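I have a structure here, written as structure tokens, and I will follow up with some questions on it.
Coordinate-derived values only; no laboratory data. Quick caveat, the model's predicted, so the values are computed rather than measured. Virtual Cβ from ideal backbone geometry, glycine too; neighbours counted across all protein chains shown.
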4 protein chains.
Amino acid sequence: MIRFNNDYNHGAHPEILKRLVETNGENFSGYGTDPWCERAANKIRELTACPDAAVWFFPGATQANFVTIHALLGPCDSVIAADTGHINAHECASIENTGHKIQSLPNTDGKIHAEQIEALARAYYEAGEPEYLTRPSMVYISFTTEFGTLYSKTELSAISEVCRKYHMLLFVDGARMAYGLGSEKNDLSLEDFARLTDVFYLGGTKCGALFGEALVIPDPKLSPRFKSYMKQSGAVLAKGWTLGLQFATLLENNLYVELARKADAYAMEIKEALEKKGISSYIESFTNQQFIVLTDAQMEALSKDFIFEYTLKDGDNRNVVRFCTAWSTKAEEVQALVKAIEQL
Amino acid sequence: MIRFNNDYNHGAHPEILKRLVETNGENFSGYGTDPWCERAANKIRELTACPDAAVWFFPGATQANFVTIHALLGPCDSVIAADTGHINAHECASIENTGHKIQSLPNTDGKIHAEQIEALARAYYEAGEPEYLTRPSMVYISFTTEFGTLYSKTELSAISEVCRKYHMLLFVDGARMAYGLGSEKNDLSLEDFARLTDVFYLGGTKCGALFGEALVIPDPKLSPRFKSYMKQSGAVLAKGWTLGLQFATLLENNLYVELARKADAYAMEIKEALEKKGISSYIESFTNQQFIVLTDAQMEALSKDFIFEYTLKDGDNRNVVRFCTAWSTKAEEVQALVKAIEQL
Amino acid sequence: MIRFNNDYNHGAHPEILKRLVETNGENFSGYGTDPWCERAANKIRELTACPDAAVWFFPGATQANFVTIHALLGPCDSVIAADTGHINAHECASIENTGHKIQSLPNTDGKIHAEQIEALARAYYEAGEPEYLTRPSMVYISFTTEFGTLYSKTELSAISEVCRKYHMLLFVDGARMAYGLGSEKNDLSLEDFARLTDVFYLGGTKCGALFGEALVIPDPKLSPRFKSYMKQSGAVLAKGWTLGLQFATLLENNLYVELARKADAYAMEIKEALEKKGISSYIESFTNQQFIVLTDAQMEALSKDFIFEYTLKDGDNRNVVRFCTAWSTKAEEVQALVKAIEQL
Amino acid sequence: MIRFNNDYNHGAHPEILKRLVETNGENFSGYGTDPWCERAANKIRELTACPDAAVWFFPGATQANFVTIHALLGPCDSVIAADTGHINAHECASIENTGHKIQSLPNTDGKIHAEQIEALARAYYEAGEPEYLTRPSMVYISFTTEFGTLYSKTELSAISEVCRKYHMLLFVDGARMAYGLGSEKNDLSLEDFARLTDVFYLGGTKCGALFGEALVIPDPKLSPRFKSYMKQSGAVLAKGWTLGLQFATLLENNLYVELARKADAYAMEIKEALEKKGISSYIESFTNQQFIVLTDAQMEALSKDFIFEYTLKDGDNRNVVRFCTAWSTKAEEVQALVKAIEQL
């Protein structure tokens, strides 16, 4: 069976394991106060053109999401997110567990837009900031989204402008940042994210690392005691150097984006094969996640040799499924899938 | 410089890295639903003689602590702990952050005793369970304690009895479980922990793993939706098999305890050298952590070649410091330290 | 100016003040352990035909809502409510502040229906109770709703059945219970609420009291330490007898429902006058709250002598406003309003 | 039976009930936006010499405590309090329920002192503000304390100075503020509290009102959205004018302090009688609460005609009990008690 069900079903890029082995005899200072974390943080500061940025390494993305929101919002502040946003739909109310309301907006292909956000914020201020409503104080978006779609520079700039107008922080969940940066349709750079948003992260878990996310706060004055919030939620790894080492390895020599670029290209091959066969996308994506609509027979046929994710039933004989490529996907796996699609 | 400052300054036992490398080409189901986790859980069920135990793998100990307490207590329940307990003194109020009060008791050598616990519980019930007090609903202890000390089977049995009498759960933080099991003075087995307590864990981070703690709930009915609590706090690792693989490696062939037994024995060598030299313990320990009292001159002399942890100033010319051995400590490092002690 | 803007703009029914004055020289035991609370609780047990019911007196409704939800749900449980529900739209995220997600459903005239609720619950169980979703564990509805509408016995029974099928508690916010019971269209009794739901309250603040809500838990085993939850959130009034006294006064001799019946009848007079004038309801209500659509000119004309609540702009020259009668509304005030409507 | 068990066993000062009756036919704007609240707030601004102070009316003291602490602290901030402080010992972990740790200090006669506070704060900063500790960000004290004792101007000034030095807010629980102000030994004024602290309140519940506490934030910029926090916790009363009316009544013509001065004087009569009889104080108090040590026989004798509060057993034949006078205590009640003491 070949797995296309997600982008976290393999270990880590071999270069990472190699370095873990090489450094296994060395000793390090704990809790992220080691040279590897410093080296990775500096590389990120360079890539984002933010020499002063605060950079924090999290073991996982759910932690990165709720710790950041808990640290940056007050108890009566809420966060705006797409109804399909990961924090709203896949994290067992981790945000509400920290005491915050999510104000969800209906998504379009997984995205929310500046106009929607502005309407919500304006309504709050036009009503006179009533005490019985939470203040919309942050906007959370994902790049790439749950459906693999991308925000364009124009879209992100518009959202950024609304956020600044209404004193809302802009937070980008970058669990799949690499696959966004690597897409042929992408026009955003890490420098853009640093310029247009207040906090974002570079996902490692889904993009070549064993685990880990690198959070960037371009303006370090935004949260002077951020590490305390991490500690309080158990997000400071004792052997923090294992996170620094992984990100240093991925980010130096551009491995991070190159791996994703290849995975995105594989996804485009699969997309092309599907289109040729007349199989439609549920939502069109130019990154590693492809959501497509299969008939019952097609689904059964592909299930023989491939593992993919069943997402939802979209009417009679219409099954929405997800095929995911990843940094670990091999050319022959893609060829096998393309061939199987051709033979449907 | 040789590090004796803590037991988490090296990567992982080589056998673990070897297996990570060997399996790096394989693919796995995510979030702990893989064969490695099953294999490790079964091994733990065998070692604890609890064929039905729920076993959960956490990335880190702070998470294991607060998620467990949050999952098992109601909002008006409190947890009893030593004032020096890790949850009370080292985790930035992670327990209070989940809404629970810690009722701290004065420690004796890092431990609390059945009599103290019973007095607290009895006072609550004798007062008629007043609504303005939280109910003491759990007792949290550590094995080994923050000072490296051990609960004996007699002591643990007495605490267990009080807990059952007053309907309190007994939770053992086992971040250093291995060093307890490996001590020459220990008379407790994993089966005893499973029999006498309600939830406990086998620490990996400090005992040979890259990261990870294995939590055991002998009676799985105690928390039927435990994984939701883990998910909500970001404690379910995407690549969960890396946790299962580590614990399977450590627990099969008894590597876990053997590594700790060696580290404890090294600590005894150091202890003996100190005693010969007339350097006293701050608190006597028979495990890998040694808290000793050095003069200013002694401290300065040892600082030349060794890194150790400064703990507190205990009066003029009396410095309490910690020397820690670990699974990764080498014989020649111990010899060097013993020699340096002899030359003080 | 005559106030029709809400149902809490006057003090208390004179009988209540009379008793407060009469008993002012007496002394009482504190925190609700007094004879007045016992007397009121017993009256409620009689009216609901629940001799064993737990009855708790809250100072206010927001407290009654969040304390009840916090006490009865676990951290990974969510509560289902209408998007317009008071807990979702008017209480500054008090529920999320206790850590719980509200799963909001689109309302129809302020109500949600058994089919919607069942669909949501079924989806959760059909998906296999995934750990990344909260469990829907409670349904919150209001009687009367935010729009003054009523659940029928058939509707409430259907919701109750779904709740029992899916192990969800049914909680009725009864801040305006009296106006529901007093409506000519109502077919539900307090006995029905006790039989069909798990927890509900009789609002006092809007129905003749100075302040206070009486919460009923028909099965007292549901929350044995409920008073602790109240205490923790500051909902146990020191001079608790003032709550008991008010409810005893309102509930004995049926004053509670009689006051509301009169207010509802006044609202029907106003409704009739509006209909004669061709002014349409925004949502048709048979209780004390009337939501109607006024032109700009009509709104301006009525604003001269009356205070009412502006709710929303529903398009050009369409203003949705609320007129509220109350236990304190006088016949001459209604006549003045009816006359003013006739003269529009 | 004559009640001396607490200071909240009677309704309200007759003048308050009179005004409630007088205004019962009037209508008011809700949620504290009425002329009575404005009038009371202005009176408080005048009495505290803080023309810009924010003044908020709470239904009860537990709410005032936890809402204030929740509003003014961040998630990793802790509050310093006496171990006997009301928030630490009598409110069912309401502070922890909002996510904050209480750092308790051993009390001396119910008080904590500047030196203790400074030592705690200094230790945190000397340790380098480690991420695993919460930041001490607020000091909570009570005036009068749980034992009826008073902070002197010298003591409060010293605490204030430490707070400013270490960027901690100073919060005074004034549930019994009146009895402090009315004591013959007191040298603090409301102006002093406004000058030396950051937030404090004037208790109503125990000092002549039916219910209610008036919170003062001298610098309104400290918490610009404070009412949202109140709303979120259900602390904004719908009929808020009942709070304003009570405080206006108590504070105009100095009734508030005069009532307490009388109660304190009664307590001094009782104290004198006890001393004459050789009955010792457990802790010496010059306000309305008297904690004394009775033999079993004395306790039994006094129990025949008086209700008082049993506090603790202080050894064989030593019972610590509390006698409380209040604004509602009558001269003849005190005479009866004095006589009974003389006859012991």
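Scan segment B:283-343 for trypsin sites (Lys or Arg not before Pro) in coil per DSSP, keeping those whose Cβ has at most 10 other Cβ atoms within 10 Å, and list them by number.
Those satisfying the criteria are B:Lys304.
Then there's this: Residue-wise, which Karplus ³J(HN,Hα) couplings in Hz belong to segment D:41-55, taking 6.51 cos²θ - 1.76 cosθ + 1.60, θ = phi - 60°, and x for glycine or proline?
4, 5, 4, 5, 4, 5, 5, 9, 6, 10, x, 9, 4, 7, 10
I would also like to ask the following. Could you give me the ³J(HN,Hα) list for segment D:292-301, computed from phi with Karplus coefficients 6.51, -1.76, 1.60 and θ = phi - 60°, whole Hz, x at Gly and Pro?
Taking θ as phi minus 60°, the curve returns 10, 10, 10, 6, 4, 5, 4, 4, 5, 4 Hz for segment D:292-301.
Determine the relative contact order of chain A: mean sequence separation of Cα pairs under 8 Å and six or more apart, normalised by residue count, in whole percent. Each step should come with its number before you reach the end.
Working: 660 pairs, mean separation 86.2, N = 344.
Once normalised by length, the contact order is 25 percent.
Cα centroids of segment D:221-252 and segment A:214-283: how far apart, whole angstrom?
So the two Cα centres are separated by 48 Å.
Let me ask another. Between D:Leu259, D:Leu245, D:Val172, whose Cα lies farthest towards the positive end of the dipole of chain D when Lys and Arg beta carbons carry +1 and Asp and Glu beta carbons carry -1, centred on the Cα centre?
Checked the options; the winner is D:Leu245.
Using the charge dipole of chain C (Lys, Arg: +1 at Cβ; Asp, Glu: -1 at Cβ; taken about the Cα centre), state which of C:Cys207, C:Trp36, C:Thr149 has its Cα farthest towards the positive end.
Result: C:Trp36.
Considering the alpha-carbon set of segment C:164-299 alone, what are its Rg and its Dmax in angstrom?
Both quantities, over Cα of segment C:164-299: 18.1, 57 Å.
Okay, next question. Once you have the Kirkwood Rh of segment A:14-253 from its Cα pairs, apply Stokes-Einstein at 37 °C and 0.692 mPa s and quote D in µm²/s. Before the final figure, lay out each step's value.
Details: Rh = 18.2 Å.
Roughly 180 µm²/s, to the nearest whole number.
Given N residues in the protein assembly as shown, what is Rg(Cα) / (2.2 N^0.38 Å)?
Its radius of gyration relative to the 2.2 N^0.38 Å reference: 0.97.
Let me ask something else about it. Along Cα→Cβ at 7 Å, what distances in nm separate the D:Ala49 label point from those on the other copies, shortest first?
List, nearest first: 5.6, 6.7, 7.6 nm.
Where nothing but the Cβ of Lys and Arg (+1) and of Asp and Glu (-1) is charged, how large is the charge dipole of segment A:14-253 around its Cα centre, in debye to the nearest 20?
480 debye
At q = 0.14 Å⁻¹, what is the log10 ratio I(q)/I(0) for segment B:1-119, with the Debye formula run over Cα points and no solvent?
Treating every Cα as an identical point scatterer, log10 I(q)/I(0) equals -0.93.
Non-local amide H neighbours of B:Leu170 (under 5 Å, H modeled in plane, Pro and chain starts lacking H): which ones?
B:Val139, B:Asp198, B:Val199
Something else about it: What does the charge count near A:Ala175 come to, summing +1 for each Lys or Arg and -1 for each Asp or Glu among other residues with Cβ under 14 Å from its Cβ?
On the way: positive: A:Arg176, A:Lys206, B:Lys239; negative: A:Asp7, A:Glu91, A:Glu146, A:Asp173, A:Glu213.
Its environment carries a net charge of -2.
Rounded to the nearest 0.05, what FRET efficiency do D:Glu333 and C:Arg318 have when you use their Cβ-Cβ distance and R0 = 56 Å? The partial results should precede the final answer.
Values: r = 65 Å, r/R0 = 1.16.
With R0 = 56 Å, the Cβ-Cβ based efficiency is 0.30.
Another question, then. Taking the Cβ of A:Leu245 as the centre, find all other residues whose Cβ is under 13 Å away and add up their charges (Lys, Arg: +1; Asp, Glu: -1).
Its environment carries a net charge of -1.
Once the label point is placed 7 Å from Cα along Cβ, list for D:Glu126 the distances to the corresponding points in the other copies, in nm, shortest first.
Here D:Glu126 shows inter-copy label distances of 3.9, 5.8, 6.5 nm.
Looking at the axis that maps chain C onto chain D, which chain C residue has the closest Cβ, and how far off is it in Å, rounded to a whole number?
In chain C, the Cβ lying nearest the symmetry axis toward D is C:Pro59, 3.
Which three lengths, in whole Å and largest first, does segment C:123-174 cover when its Cα atoms are put on their principal axes?
37, 20, 14
Grab the beta carbon distance between A:Glu342 and C:Asp83, set R0 = 45 Å, and tell me the FRET efficiency rounded to 0.05.
After rounding, the FRET efficiency stands at 0.45.
Same structure again: For B:Tyr282, which sequence-distant residues (separation of 5 or more, or a different chain) have an amide H within less than 5 Å of its own amide H, given hydrogens modelled in the peptide plane?
For B:Tyr282, whose amide H was placed from the backbone, the distant partners under 5 Å are B:Phe291, B:Ile292, B:Val293.
If we hang a label 7 Å off Cα along the beta carbon direction at C:Ala89, how far is it from the matching labels on the other copies, in nm, shortest first?
So the label point of C:Ala89 gives 2.5, 4.7, 5.3 nm to the other copies.
Listed here are the pairs B:Lys206/B:Lys231; D:Lys185/D:Lys271; C:Lys185/C:Lys262; C:Lys101/D:Lys231; A:Lys101/C:Lys206; C:Lys239/D:Lys206; which of them are more than 20 Å apart at the Cα?
The answer is B:Lys206/B:Lys231; A:Lys101/C:Lys206.
Then there is this: Work out the FRET efficiency for B:Asp192 and C:Arg122 from their Cβ-Cβ distance, taking R0 = 35 Å, and round it to the nearest 0.05. Can you show the working numbers first?
Details: r = 45 Å, r/R0 = 1.28.
The formula returns an efficiency of 0.20 here.
Apply the Karplus curve 6.51 cos²θ - 1.76 cosθ + 1.60, θ = phi - 60°, to the phi angles in segment B:26-31 and return the couplings in whole Hz, x for Gly and Pro.
Result, rounded to whole Hz: 7, 10, 9, 6, x, 6.
Would you mind checking which residues have amide H under 5 Å from D:Ile2's amide H? H placed 1.01 Å from N; only 5 or more apart, or other chain.
Residues meeting the criterion, in which the H sits 1.01 Å from N, are D:Phe306, D:Ile307.
For every other residue with a beta carbon closer than 9 angstrom to the beta carbon of A:Ala114, add +1 if it is Lys or Arg and -1 if Asp or Glu, then tell me the sum.
-4
Still on this structure, please answer the following. Which GluC sites (Glu not before Pro) in segment A:139-221 pass both tests, a DSSP loop state and at most 10 other beta-carbon atoms within 10 Å?
When the GluC sites (Glu not before Pro) of segment A:139-221 are filtered for loop state and at most 10 Cβ neighbours within 10 Å, A:Glu184 remain.
With a point put 7 Å past each Cα toward its Cβ, work out how far A:Glu300 is from C:Asn254 in nm, to one decimal.
6.7 nm
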